[in-house]
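Have a look at the structure below before the remarks.
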There are 2 protein chains.
Amino acid sequence: MKLKVASKILDANERIARDNRKIFSDAGVYVINLMSSPGAGKTSLLETTITALKNSLKVGVIEGDVAGTDDAIRIDRLGVPVVQINTGGACHLDANMIYEVLGDLPLSGLDILFIENVGNLVCPAEFKVGEDIKVMILSIAEGHDKPLKYPLMFQESAALIINKMDLKPYLEVDVEKIKRDALSLNPSIRIFELSCKSGEGVEQWTAWLQTLTS
Amino acid sequence: MKLKVASKILDANERIARDNRKIFSDAGVYVINLMSSPGAGKTSLLETTITALKNSLKVGVIEGDVAGTDDAIRIDRLGVPVVQINTGGACHLDANMIYEVLGDLPLSGLDILFIENVGNLVCPAEFKVGEDIKVMILSIAEGHDKPLKYPLMFQESAALIINKMDLKPYLEVDVEKIKRDALSLNPSIRIFELSCKSGEGVEQWTAWLQTLTS
């Protein structure tokens, strides 16, 4: 009984995700579903990315959080269109939440839309929202054991950003193991070592985004 | 329809959690449900705590992970009873998962049982597993905006461990804001500033555990 219900919910999500996908595609906007644990640096990465790309690409953002508007306020300061979704308890965004806010964004005027998911290394990977690709962030402060403990997100993501590389001297973390284990789960995953603080890896990441949207 | 089903699932969980609670109480074991984001330091805290308490309290551990046995192996090295639960996809432990493994632990020989939940700052707070109290860990590397973004876990926890304090010089994090916001959500929450690396706060934390179990 429980399984049957769960599968129905997933089907409904799939269907709405496909509808969203078509809306994005018709509008000519490339959509990235950005996922990570709480505090891995999703919003900071968006701030850095938007600042770097602002003159070449039109960027929009959907912010997902259980509660609060801090992230949307941070993005709004950069002068790009942003909508905040508060899930009110749900630990991930689903396709219907995204569908409900599409009218609040100037989609056909955008080149790229980032959907910042709720901070959670598990469930967001299970729910498509209509994105072109999923990208995940792992802060090196979370440790090198994460790929094998949370495999689905690494399997589902087109790219992995290993973030907060500036903290490496102060941590006992094996970045090569993160990369090795991520690649064993997903041989085609694109890996960026990055720090929003030092700027390391930002150019490689934004150059890659340019190729995706061109 | 969806809401109705969800409420039924929660009821079943409540009922099994009450059964677990009675089993723990009859065995005279104090149970702590330990929750945090991925990589905040749950297993390291358990290693530190077990090492500190080993001569005075009999400790057992249930390890919850989506996949893998790394954490159980780390605890097993310390010579205390440990059982690993792999949720296989679920982002939290529920009461039934705990019930299923109770026979694998020498409950009546234990003073304290730690249940290390799946790394997730959202859902674990919604599912009782039969614990006496919930304790949460927040790594300062996650940033000071977490209490207001993930309020339920702070509201449900009897104690908050602000962890990885050794990293403070390298981060722009306002620890006072974390404490202020956590207390605004939950005025009775007990707060420990701690570092397993430097040992800061470990004595206060383990002394508090001693008072709970005496």
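No lab work stands behind these numbers, since they all come straight from the coordinates. The structure displayed is predicted, hence computed values, not measured ones. Neighbour counts run over all protein chains shown; Cβ positions are idealised from the backbone, glycine included.
Numerical summary
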read-out: Built amide H within the under 5 Å cut-off of B:Leu93, gap 5+; value: B:Val118
read-out: FRET efficiency estimate (nearest 0.05) - Cβ-Cβ, B:Glu200 to A:Asn96, R0 51 angstrom; value: 0.65
read-out: Amide proton proximity set for A:Glu200, modelled H, under 5 Å, gap of 5+; value: A:Ser195
read-out: Sparsely packed GluC sites (Glu not before Pro) within segment A:115-200, loop by DSSP, other Cβ within 10 Å at most 13; value: A:Glu172
read-out: Separation of alpha-carbon centers, segment A:157-214 and segment A:75-89, rounded to whole Å; value: 25
read-out: Backbone HN-Hα couplings from phi across segment B:148-153 [Karplus 6.51/-1.76/1.60, Hz, Gly and Pro as x]; value: 6, 8, 10, x, 4, 4
read-out: Note, ³J(HN,Hα) from phi for segment B:203-213, Karplus 6.51, -1.76, 1.60, rounded to Hz, x at Gly and Pro; value: 5, 4, 5, 6, 5, 5, 4, 4, 5, 5, 9
read-out: Two-site label geometry, B:Arg190 and A:Lys22: point separation in nm, points 7 Å out along Cα→Cβ; value: 5.7
read-out: Test item: Cα-centred dipole of chain A, Lys/Arg +1 and Asp/Glu -1 on Cβ, debye; value: 380
read-out: Burial ordering of A:Phe154, A:Phe192, fewest other beta-carbon atoms within 10 Å first; value: A:Phe192, A:Phe154
read-out: Per-residue HN-Hα couplings for segment A:22-32 [Karplus 6.51, -1.76, 1.60; θ = phi - 60°; Hz; x = Gly/Pro]; value: 5, 4, 5, 5, 4, 7, x, 10, 8, 10, 10
read-out: Built amide H within the under 5 Å cut-off of A:Ala159, gap 5+; value: A:Met136, A:Arg190
read-out: Over 26 Å between alpha carbons, listed pairs A:Lys42/A:Lys149; A:Lys42/B:Lys177; B:Lys54/B:Lys177; value: B:Lys54/B:Lys177
read-out: Proxy reagent accessibility, fewest Cβ within 10 Å first, across B:Asp94, B:Asp104, A:Asp132; value: B:Asp104, A:Asp132, B:Asp94
read-out: Contact order relative to length of chain B, as percent, for alpha carbon pairs under 8 angstrom and 6 or more apart; value: 24
read-out: Sequence of A:Ile115, B:Ile16, B:Ile73 once ranked by neighbouring C-beta atoms within 10 Å, starting from the fewest; value: B:Ile73, B:Ile16, A:Ile115
